[in-house]
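Read the structure below first, then the notes.
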Amino acid sequence: MDNFSRYISQIKFFGFEKNKRIQETSVGIIGLGGLGSWLSEFLVRIGVKNLAIVDFDIVEEKNLNRQNFTISDIGKLKIDSIEKRLKEIDNNVNIEKYKEINNKIFNRDIIFDCTDNIKSKYLINELSVYYNKPYVFASVVMAQGFVGLINPKQFCLYDIYKGKEDVLTCDITGVDFSSIIFAVSLMLKLFINYVFGNIDGILYHFNIRDKFYLEEIKVKSDNCKICKRKEFELIWNYLK
């Protein structure tokens, strides 16, 4: 394992073998906005060496207050700016860049859904079920949100949202930056738990606007049309 001294504090806490598992886990991150831009950095800092990142967008000035970009990134593709940032942190990290979701992403050990719209989330969910690939997702508006680990053998995102469309979005309501970082921290913790063998699906809801509030929600999957009946609607153009 390279750069032993870099991870010495982490090794003291997790142990050598668990730290090695983190480094050997391949990751796909879909969406490099408020969630994905920070999450990608945190993953590299704890030792992830193999990432695929997906985003079609360019950096705008309005992104700078809550996303992991700087003034010099404005006008550049987010995937290019994040690649540069991650290479500055660890020049041994292997990064594949894509402007759109494709089936290559699902060759990774685990996926992160950091998208900001429900249609993309339904697509990722269907692909996760099709490939039987676990993923961690988050959705944040204002100062509240949901974070979960989806194990498609147990339940999927459709069991949570039931086909609902976006009602509240950050573009309409705004978002508290601290809630984004809190959600990213939860995503990171679910990733670590998964790598260490805790693969059961789990869903959290939080609200940190006034008083801190965090609850675990029990999700029941009763003949779900996606993860049980496999009645896919969105994925067929993505399987070529």
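The values are calculated or read from the model by the stated rules, or taken from the named source; none is laboratory data. Values in this document were obtained by computation on a predicted structure and should not be read as measured data. Glycine also receives a Cβ, built like all others from the backbone with ideal geometry; neighbour counts cover every protein chain displayed. When the accessible area is computed, the model is the full protein with side chains, heavy atoms only, and any ligands, DNA or RNA have been set aside. Shrake-Rupley method; radii C 1.70, N 1.55, O 1.52, S 1.80 Å.
Select the helices (runs of 4 or more DSSP H) contained entirely in segment 148-227, then report the ones holding at least 2 residues which are of a type in the set (F, W, Y).
Qualifying helices (runs of 4 or more DSSP H): 157-161, 177-195.
Conditions (1) within 11 Å of the chain's Cα centre (by Cα); (2) open to solvent by 20 Å² or more (accessible area, probe 1.4 Å), marked per residue:
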| site | (1), (2) |
| --- | --- |
| T25 | no, no |
| G28 | yes, no |
| G31 | yes, no |
| W38 | yes, yes |
| V48 | no, no |
| N63 | no, no |
| T70 | no, yes |
| G75 | no, yes |
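Can you tell which of L234, L188 is among the aliphatic types (A, V, I, L, M), modelled with pLDDT of 95 or more and either in contact with a Leu (Cβ under 9 Å, 6 or more places away or on another chain) or more than 26 Å from Q67 (Cβ to Cβ) (or both)?
Exactly one of L234, L188 is among the aliphatic types (A, V, I, L, M), modelled with pLDDT of 95 or more and either in contact with a Leu (Cβ under 9 Å, 6 or more places away or on another chain) or more than 26 Å from Q67 (Cβ to Cβ) (or both), namely L188.
If only one of I192, I180 is touching a residue at least 60 places away in the same chain (Cβ under 8 Å) and in contact with a Lys or Arg (Cβ under 8 Å, 6 or more places away or on another chain), which one is it?
It is I180.
Criterion first (at pLDDT 95 or above, under 17 Å from the mean Cα position of the chain (by Cα) and either part of a helix (DSSP H, G or I) or under 28 Å from V48 (Cα atoms) (or both)) does Y130 satisfy it?
no
Please give the number of the condition E231 fails out of (1) in contact (Cβ under 8 Å) with a residue 12 or more places away in the chain; (2) over 22 Å from G31 (Cβ atoms); (3) open to solvent by 50 Å² or more (accessible area, probe 1.4 Å).
(1)
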